[in-house]
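Worksheet: one structure, shown below.
The values are calculated or read from the model by the stated rules, or taken from the named source; none is laboratory data. Keep in mind the model is a prediction, meaning the values are calculated, not measured. Cβ coordinates were reconstructed from backbone atoms using ideal geometry, including for glycine residues, and neighbour counts include every protein chain displayed.
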Amino acid sequence: MTAPATRLVPPFRADVVGSYLRPDYLHAARRRFAAGEIDAAALEAVEDRAITDLVARQKAAGLQAITDGEFRRSWWHLDFMWGLQGVEKAQLEHGYRFADMETRPETARLTGKLGGADHPFLAHFQFIQGLADASVLPRLTVPAPAQFFKELHRPENLAATEAIYPSREALIEDIAAAYRTFIAELYALGCRSLQFDDCTWGMMVDPRYSNAGIAAANSDGSCCEHGPATVISDSVEALANELLEVNNRALAGAPADLAITTHVCRGNYRSTWAAQGGYDPIAPFLFARENVSAYYLEFDTDRAGDFSPLAQVSGDKKVVLGLVSSKVGELEDREAVVARIREASRYLPLERLCLSTQCGFASTEEGNALTEEQQWAKIRLIGEVAREVWG
């Protein structure tokens, strides 16, 4: 099956970030698989059922983009990294530290030179593509190259990274090349909507993460995202340019009709967060110079700052306003959401704006602290507001 005959070009006025709460029967199957009670084929059959049910609900909700909810993954990012050649799953003493809790202590570590061919996510895409029709566009979400670059520079991974790539330039080029290979193979299967999830920018706006401020802000050498801080570059500007280079190199030569977008947030794990700060420090880099067609941006709380940095979004790129929270069950006031869209349109024309939740509902398999009913109520609200604002 190829892309729909009627071209659907994301982002859409009522859009989604990608991940959904896993149903209880999928959680149960994953527990049974971990305990050795069922094999991989049995787990895959349950995943197929859950994804088929999810896609039916997405279509019924009127969404134009469908995803597999990331139901085959444990993490929004690490599962993809583990599928690259030259990468292994590794355990750490500590996980990522969030405001109120710590995640499972897992990471992706280099074992050899990187490659992106024959990635297992290709099969993931083919399954949702088989569930699509002319009214919807199947979308795949993967961590951005910059996110992978940062993962390889966690303190516990640094020795392995530098042993294989003593040259920073060689590492950046091989990350970009692996992604270019993956993108080419994904496109050949018919994918026309690819989303890069990228928390690196959301962390950079917080002085606790920006390299110049790490040591001062964390006198004990810790940081919420990665534990003990590792300085990659010696200033926010240098780091921003480095991350921009990794991402843009990976995008070089991508087909013109492949819509590549990016999602930026400040952490989303079991309804807690990792960073805070407005987009001002990164806008001249991310908004002005990253070669994507649209940005999915967190704006559900004042931790994200105001809308003024949107004035720096270059060209005709669009912005999907994450005004509806995926972290809490309480439903937002419809008129308040409409008013905030109008406020954002002071900085970017209304025709270049869209609406979604600020992040997915389950960036990891644990999911956020709300019910499936509340999740779908949020999606209905997004659709209602989109019809009111854009018709």
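A search for C-beta distances below 6 Å between a residue of segment 49-61 that is touching a residue at least 40 places away in the same chain (Cβ under 8 Å) and any residue that is buried (at least 21 other Cβ atoms within 10 Å of the Cβ) and of a type in the set (D, E), counting only pairs 6+ apart in sequence or on different chains, returns I51/D68. Cβ-Cβ distances below 9 Å connect the following pairs, each with a first residue in segment 236-251 that is in contact (Cβ under 8 Å) with a residue 12 or more places away in the chain and surrounded by fewer than 19 Cβ atoms within 10 Å (Cβ to Cβ), a second residue that is of a type in the set (S, T, N, Q) and part of a helix (DSSP H, G or I), and a separation of six or more residues or different chains: A238/N211. P255 falls short on exactly one of the conditions (1) surrounded by 21 or more Cβ atoms within 10 Å (Cβ to Cβ); (2) more than 17 Å from the chain's Cα centre (by Cα); (3) modelled with pLDDT of 95 or more, and that condition is (1).
Taking every residue in segment 170-182 that is more than 16 Å from A117 (Cβ to Cβ) and pairing it with any residue that is part of a helix (DSSP H, G or I), at least 6 positions away or on another chain, the pairs with Cβ-Cβ distances below 6 Å are I172/V246. Assess whether T2 counts as being of a type in the set (V, I, T) and modelled with pLDDT of 95 or more. Considered against the rule, which asks whether it is of a type in the set (V, I, T) and modelled with pLDDT of 95 or more, T2 comes out as no. Do the conditions hold for Y279, that is, is it of a type outside the set (A, V, I, L, M, F, W, C), under 24 Å from A65 (Cα atoms) and touching a Pro at 6+ places or on another chain (Cβ under 9 Å)? For Y279, the condition - of a type outside the set (A, V, I, L, M, F, W, C), under 24 Å from A65 (Cα atoms) and touching a Pro at 6+ places or on another chain (Cβ under 9 Å) - is not met.
Kindly indicate the residue of segment 40-63 that is touching a strand residue (DSSP E or B) at 6+ places or on another chain (Cβ under 9 Å) and either closer than 23 Å to P120 by Cβ or hydrophobic (A, V, I, L, M, F, W, C) (or both) and also surrounded by the fewest Cβ atoms within 10 Å (Cβ to Cβ) among those meeting that condition.
Among those that are touching a strand residue (DSSP E or B) at 6+ places or on another chain (Cβ under 9 Å) and either closer than 23 Å to P120 by Cβ or hydrophobic (A, V, I, L, M, F, W, C) (or both), it is A61.
The residue list S308, S345, S314 contains one member that is surrounded by fewer than 22 Cβ atoms within 10 Å (Cβ to Cβ) and in contact with a helix residue (DSSP H, G or I) (Cβ under 6 Å, 6 or more places away or on another chain), which is S314.
Quick check on segment 62-84: of everything there that is acidic (D, E) and closer than 20 Å to C265 by Cα, which residue is nearest to the chain's Cα centre (by Cα)?
To start, the set of residues in segment 62-84 that are acidic (D, E) comprises 68, 70, 79.
With the extra rule that they be closer than 20 Å to C265 by Cα, the set shrinks to 70, 79.
Details: E70: 11, D79: 13 Å.
Filtering first and then ranking leaves E70.
Condition check: buried (at least 22 other Cβ atoms within 10 Å of the Cβ), hydrophobic (A, V, I, L, M, F, W, C) and touching a residue at least 60 places away in the same chain (Cβ under 8 Å). Does F80 satisfy that? Answer is yes for this residue.
To keep it simple, each residue is scored yes or no on (1) modelled with pLDDT of 95 or more; (2) among the hydrophobic types (A, V, I, L, M, F, W, C); (3) surrounded by 20 or more Cβ atoms within 10 Å (Cβ to Cβ); (4) in contact with a strand residue (DSSP E or B) (Cβ under 6 Å, 6 or more places away or on another chain).
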site: L92; (1), (2), (3), (4): no, yes, no, yes
site: G95; (1), (2), (3), (4): no, no, no, yes
site: E102; (1), (2), (3), (4): no, no, no, no
site: G116; (1), (2), (3), (4): yes, no, yes, no
site: P120; (1), (2), (3), (4): yes, no, no, no
site: P145; (1), (2), (3), (4): yes, no, yes, no
site: A160; (1), (2), (3), (4): yes, yes, no, yes
site: S167; (1), (2), (3), (4): yes, no, no, no
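With the structure loaded, tell me whether N291 is in contact with a Pro (Cβ under 6 Å, 6 or more places away or on another chain) and either charged (D, E, K, R) or within 23 Å of I172 (Cα to Cα) (or both) or whether it fails that test. Against the criterion (in contact with a Pro (Cβ under 6 Å, 6 or more places away or on another chain) and either charged (D, E, K, R) or within 23 Å of I172 (Cα to Cα) (or both)), N291 does not qualify. Taking first residues from segment 147-160 that are within 14 Å of I175 (Cβ to Cβ) and partners that are crowded, with 22+ Cβ neighbours inside 10 Å and small (G, A, S), the Cβ contacts under 7 Å between residues at least 6 apart in sequence or on separate chains come to E151/A108.
Whether a residue is at pLDDT 95 or above, closer than 19 Å to L63 by Cβ and either touching a helix residue (DSSP H, G or I) at 6+ places or on another chain (Cβ under 8 Å) or not aromatic (F, W, Y) (or both) was assessed, and V319 passes this test.
Scanning segment 272-292 finds no residues that are of a type in the set (F, W, Y), within 30 Å of E384 (Cβ to Cβ), out of contact with any Phe, Trp or Tyr (no Cβ under 9 Å at 6 or more places or on another chain) and touching a residue at least 12 places away in the same chain (Cβ under 8 Å).
Here I282 meets the list (1) under 25 Å from S19 (Cα atoms); (2) crowded, with 23+ Cβ neighbours inside 10 Å almost entirely, failing just condition (1). Segment 283-391 holds strands (runs of 3 or more DSSP E) entirely within its bounds, and those carrying 2 or more residues that are farther than 26 Å from Y96 by Cα map to 318-324, 353-357. Annotation: D220 fulfils all but one of (1) charged (D, E, K, R); (2) closer than 20 Å to H77 by Cβ; (3) at pLDDT below 60; the unmet one is (2).
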